[in-house]
1. Go through (1) modelled with pLDDT of 70 or more; (2) in a loop (DSSP other than H, G, I, E, B) for T39 and report which single condition fails.
2. Kindly list, by first and then second residue, each pair from a residue in the stretch 34-51 that is free of Cβ contacts under 8 Å to residues at least 12 places away in the same chain to a residue that is surrounded by 14 or more Cβ atoms within 10 Å (Cβ to Cβ) and small (G, A, S), limited to pairs with Cβ atoms under 6 Å and residues at least 6 apart or on different chains.
3. Given the conditions (1) at pLDDT below 75; (2) outside any loop (DSSP other than H, G, I, E, B); (3) β-branched (V, I, T), report the number of the one that T54 does not fulfil.
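The values are calculated or read from the model by the stated rules, or taken from the named source; none is laboratory data. All of these numbers come straight from a predicted model, not from anything done at the bench. FYI the Cβ positions are ideal-geometry reconstructions off the backbone, even for glycines, and counts take in every protein chain you see.
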Amino acid sequence: MGQVLHGCATTTEAVRRAIQNSQESLRALAKRYGINQKTVAKWKQRETVADLPTGPRASDHCPDDAAGIAAEAGTALAPAVPSPPPAERPFRHD
């Protein structure tokens, strides 16, 4: 079974492992694998070749808890106000 990469991944675990084991310069490795030198430096510093999770973090609170949290903090939640519709551009005749 193949490795599943997220949409922005520029390296595979095999490339990351090769980067970590290489003695070449950051510039040479970046050129070899067609990636940014900062990416090479990042993988050189990491102890693992596994990609770290990205995106929103799980929270201990659900959205329904927001009012309770605000009450504990002594603040009130602002009422939900719908945003106004976008202004339409007038049609111009040139």
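1. Checking T39 against (1) modelled with pLDDT of 70 or more; (2) in a loop (DSSP other than H, G, I, E, B), the one that fails is (2).
2. Partner pairs satisfying both residue conditions: Q37/A30.
3. Unmet for T54, out of (1) at pLDDT below 75; (2) outside any loop (DSSP other than H, G, I, E, B); (3) β-branched (V, I, T): (2).
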